[in-house]
Every structure is written in structure tokens, then in C-alpha cells.
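Engineer: First the structure, then my questions, so here it is.
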Amino acid sequence: MNTLPTLDQIKLAIIGLGYVGLPLAIEFAKKRDVLGFDIHQARIKALQAGHDATLEVSDEEMREATGMHYSANAADLAACNVFIVTVPTPIDDHKQPDLTPLIKASETIGKVLKKGDIVIYESTVYPGATEEDCVPVLEEFSGLKFNVDFFAGYSPERINPGDKEHRVSTIKKVTSGSTPEVAELVNDLYLQIIIAGTHKAESIKVAEAAKVIENTQRDVNIALINELAIIFNKMGIDTEAVLQAAGSKWNFLPFRPGLVGGHCIGVDPYYLTHKAQSIGYHPEIILAGRRLNDGMGAYVVSQLVKAMLKRRITVEGARVLVMGLTFKENCPDLRNTRIVDIVKELGEYNIQADVYDPWVDVAEAKHEYGLAPIDAPRQGAYDAIIVGVAHEQFKAMGPAAIRALGKPEHVVYDLKYVMPRDAADLRL
């Protein structure tokens, strides 16, 4: 077995500088030299200029990370001996795991892998993916043997985009390694930056499973609340009032109804169900929750259309303002946003949707979804208004300013409880 590097001997590379990789790299770069690698040259140039377009890292924090170096040249990785992979793990159009970015990153590392090197994965996967899907690629491209010549670790990311309180260093970190010695070294490496401490899992598969069930659990819980909201709406009961009453008990979980998007909650359960089906088990509760959550966009529009018809507002050709496009409040992240489901469903009724979101990059919205967000909504122009994301800017507007965007007769559907109960016509 090849000798592992000591903590002081580690030459660290972070592969993938998005919402997960950059904050991690910056934290490490406050303590040691770090090579941040990304295949997107425009991203590298922007980071070299000292600005993070995702807004997860401030310009000041980037200046403080004195050990940070950036590159889009894979050859530069050869100087490193520990590689942390933080690339996306999306699903495809058939809701199947798409490991392409992970495999490509493994190929890139495999070409420069040396004896004694360690590859740590942070990307969310199903249990077994690191050793069954990624390690064989590393072996193929390096010509080295796993756990003899090189080693692996897994430490799932727990980034919460837009959250300035729960940061990389203040969220407890799960760690693991392919041998006990590697597990210890991986754990010690992360302890250099994680002030909240670590939990060393007994195996890579345990760490992978822990990550994927974190978001699956949230998905199922939100699905339950969404179903309850549908039931309560039919009964004419305000869902938020019910949840506040139930929440007066100490052990009631404070979930709220809504659209479930983003790169984690709306994606990770499909990784787990894919693996379960591959071993002959067909999940019921997990997939039922996914179907319900994926159908909420259509439900919202059906409720809106009914409300418009009751007010004798002509539906066909109507103009609706959709406030918010990102998958969550106060961040520019558009990945897997389910607001697009609402926009698409409105189109099925021949309703013209104006999408307004001060957080989004217009070019990215056009590229990802073919949508062209407006610069600003027009006063008195809309037959209906959907408050889809609870951005601070929308909260600051207040009910009167939001209402002023509608025509004399209009409907306001507040999905995120941005407005007081009596100020909105519809709420989930």
C-alpha cells in the first residue's frame, strides 16, 4: 500500500466551482493553497477578477482566501494529490440519474492520478456510485489499482444556496474513506475548516445513503403538506392557519406547502429510487411524494383559472404576472426551478405570462428555459398575479404595491405567504 500524504503534504484541488465547490474552496484557501478547477473558462475569468456570480461568496471573502488559485487547464491538476469533486449530479428528461458530469470529472482526474493520491467526492449520488461508477473510471484512465495505488473518500455537500447563516464551515460534515486510514485523513482535512465538527461514517456507502435520504425525507414531508393543502382548500380551510395551530405542539414538524425545485430536494429522491429499482425494490412512498410535488404547478394554475372564472375574468388571452423564477428566495439559482411548470401550464390556457425576478440572469433564463424575464412589471396591467418566490424585494413591496400591478379586477395567488392572509385571494 502506498503511503498517504500527511495533512501538511496535501496539495488540494477542487473540481467544479459552482454553488458547492467555490464556497468550499474559499474556506480551504483561507488555510492552505488550493487549486480551483472548472471547465467553464468564463467562470474562471470571473473568479480571477474577484467576483462570484452565484453570490454565495462575497468579494471580500474572495480577497481573504489568499491561497486560492484558479484554472481551466486540466494539466494543472497534475501538481495536486488530493482531489475533491463538486460537480452537479442532475436527472435527465426521464428522471433518471445523469452521472455524465461526475464521470467526466473522474476521467479528468484519472489522467493525472498518481500513486498515493486521494479522490473525495461531494456530489450527491445513490449508495454505491463512488465505488461502482467513479472508481472504475479512475482505474481505467490512470492504470492504477484502487485501495492499493490510490484511494477514495466521500463527504456529501450540505450547501444551502442563499443561506447566509448556515455556511460551509458551520454545517456539520459527514466524512468517509475507502480504508480506515483514508477515512481518518479525510476527516482531519475537513476539520481544518468545519467549525461545526464532523461525523465520520463507517463506510462510503453509508455516507452516500445519509446524504440522499436527507433530501428524500424533506421531499416526502413537503408532499404530505402539499396534499393536506389540497384537501384543506377543498374544505375552505386556510392551510397556514391549520399549520400554525398544529405547530403549537412541540414535536410537530414545521414544513410548508409549495413548489419543490432546486438541485437537491426535487432531484435526490430519484437517485435513491433508481438504485432501489436496480436491486429489485420498487419504492412506493418516495415516488408517490415525487409525483404529488411534481404536479403542484398544474394544481396552482387550475386553482388560479377557477378563481378568474368566478370573477368573470376572461382566461384566454389573459395576462398574468409571475413574481419569481429562482427555485428559492434570495438567490439567483435557477436549477430545476418548478416555476417553469406554472409558466408552461399557463401557456396551455393561452395565458400570456410575464415573469419578473430581480435575482435572475436574463441570459441564463433564456438559455435554460427559453424564458425572457421582464425588466419590471407594469402598473395596472395584469389579470392575475402569482407570487411564486419569497424574495425580500417582493416582501418589501407590500400588498398595496403588489395589488397595484393588477387591473381593476384581478386575482392574487400568494404561494409563499408573502402577504397577510386577508390581502391575497388565494394561498396554498
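The values are calculated or read from the model by the stated rules, or taken from the named source; none is laboratory data. Since this is a predicted model, take the numbers as computed values, not measurements. We place every Cβ from the backbone using ideal geometry, glycine too, and count neighbours over all the protein chains shown.
Engineer: Which residue out of Glu139, Glu64 is under 17 Å from Val34 (Cα atoms), touching a Lys or Arg at 6+ places or on another chain (Cβ under 7 Å) and either of a type in the set (Asp, Glu) or modelled with pLDDT of 95 or more (or both)?
Structural biologist: Glu64
Engineer: Let me ask you something else. Among the residues that make up the stretch 366-388, is at least one of them among the charged types (D, E, K, R), free of Cβ contacts under 8 Å to residues at least 60 places away in the same chain and surrounded by 15 or more Cβ atoms within 10 Å (Cβ to Cβ)?
Structural biologist: Yes: one or more hits.
Engineer: Right, Leu17: closer than 14 Å to Glu122 by Cβ, buried (at least 21 other Cβ atoms within 10 Å of the Cβ), hydrophobic (A, V, I, L, M, F, W, C) and assigned by TED's automatic domain parsing to the domain that holds Tyr154 or not?
Structural biologist: Taking the combined requirement at face value, the residue satisfies it.
Engineer: Something else: Only one of (1) in contact (Cβ under 8 Å) with a residue 60 or more places away in the chain; (2) closer than 26 Å to Glu329 by Cα; (3) surrounded by 16 or more Cβ atoms within 10 Å (Cβ to Cβ) is not met by Ala53, so which one is it?
Structural biologist: With (1) in contact (Cβ under 8 Å) with a residue 60 or more places away in the chain; (2) closer than 26 Å to Glu329 by Cα; (3) surrounded by 16 or more Cβ atoms within 10 Å (Cβ to Cβ) applied to Ala53, the lone miss is (3).
Engineer: Another question about this same structure. State yes or no: is Lys249 basic (Lys, Arg), out of contact with any Cys (no Cβ under 6 Å at 6 or more places or on another chain) and under 26 Å from Gly153 (Cα atoms)?
Structural biologist: no
Engineer: Check Glu345, Glu316 and return the single one that is farther than 24 Å from Asp268 by Cα, part of a loop (DSSP other than H, G, I, E, B) and either among the acidic types (Asp, Glu) or free of Cβ contacts under 8 Å to residues at least 12 places away in the same chain (or both).
Structural biologist: Only one candidate qualifies: Glu316.
Engineer: Here is a check on your reading of the model: is Gly236 at positive phi and either assigned by TED's automatic domain parsing to the domain that holds Glu392 or among the polar types (S, T, N, Q) (or both)?
Structural biologist: yes
Engineer: Which residues, taken from the stretch 125-165, are surrounded by fewer than 24 Cβ atoms within 10 Å (Cβ to Cβ) and polar (S, T, N, Q)?
Structural biologist: Answer for the stretch 125-165, where residues must be surrounded by fewer than 24 Cβ atoms within 10 Å (Cβ to Cβ) and polar (S, T, N, Q): Ser142, Asn147, Asn160.
Engineer: Considering only residues that are surrounded by 18 or more Cβ atoms within 10 Å (Cβ to Cβ) and assigned to a helix (DSSP H, G or I), which ones fall in the stretch 166-178?
Structural biologist: Within the stretch 166-178, just Val168 meets the criteria.
Engineer: Go through the stretch 142-165 residue by residue and tally those that are in a loop (DSSP other than H, G, I, E, B) and within 30 Å of Asn330 (Cα to Cα).
Structural biologist: 11
Engineer: Among the residues of the stretch 330-371, which ones are more than 23 Å from Tyr382 (Cα to Cα) and charged (D, E, K, R)?
Structural biologist: Within the stretch 330-371, Asp333, Arg335, Asp361, Glu364, Glu368 meet the criteria.
Engineer: Another question, if that's okay. Is the stretch 112-119 home to any residue that is exposed (fewer than 15 other Cβ atoms within 10 Å of the Cβ) and out of contact with any strand residue (DSSP E or B) (no Cβ under 6 Å at 6 or more places or on another chain)?
Structural biologist: There is at least one residue in the stretch 112-119 that is exposed (fewer than 15 other Cβ atoms within 10 Å of the Cβ) and out of contact with any strand residue (DSSP E or B) (no Cβ under 6 Å at 6 or more places or on another chain).
Matching residues to (1) more than 25 Å from the chain's Cα centre (by Cα); (2) more than 27 Å from Arg256 (Cα to Cα); (3) in the same structural domain as Val267 (by TED's automatic domain parsing):
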site: Asn350; (1), (2), (3): yes, yes, yes
site: Asp354; (1), (2), (3): no, no, yes
site: Ala376; (1), (2), (3): yes, yes, yes
site: Gln379; (1), (2), (3): yes, yes, yes
site: Ile385; (1), (2), (3): yes, no, yes
site: Gly388; (1), (2), (3): no, no, yes
site: Val412; (1), (2), (3): yes, no, yes
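Engineer: Okay, moving on. Anything in the stretch 142-165 that is of a type in the set (Gly, Ala, Ser) and at pLDDT below 95? List them, or say none.
Structural biologist: Gly162, the sole residue that qualifies.
Engineer: I need a count of the residues in the stretch 201-253 that are among the aromatic types (Phe, Trp, Tyr) and under 17 Å from the mean Cα position of the chain (by Cα).
Structural biologist: 0
Engineer: How about the stretch 28-41: which of its residues are in contact (Cβ under 8 Å) with a residue 40 or more places away in the chain, buried (at least 21 other Cβ atoms within 10 Å of the Cβ) and either under 16 Å from Ala74 (Cβ atoms) or out of contact with any strand residue (DSSP E or B) (no Cβ under 7 Å at 6 or more places or on another chain) (or both)?
Structural biologist: Selection gives Leu35, Phe37.
Engineer: Considering only residues of the stretch 5-26 that are assigned to a loop (DSSP other than H, G, I, E, B) and of a type in the set (Val, Ile, Thr), which is nearest to Arg43 (Cα to Cα)?
Structural biologist: My answer is Val20.
Engineer: Do we find a residue being touching a Gly at 6+ places or on another chain (Cβ under 6 Å), surrounded by fewer than 15 Cβ atoms within 10 Å (Cβ to Cβ) and in a loop (DSSP other than H, G, I, E, B) anywhere in the stretch 202-215?
Structural biologist: There is no residue in the stretch 202-215 that is touching a Gly at 6+ places or on another chain (Cβ under 6 Å), surrounded by fewer than 15 Cβ atoms within 10 Å (Cβ to Cβ) and in a loop (DSSP other than H, G, I, E, B).
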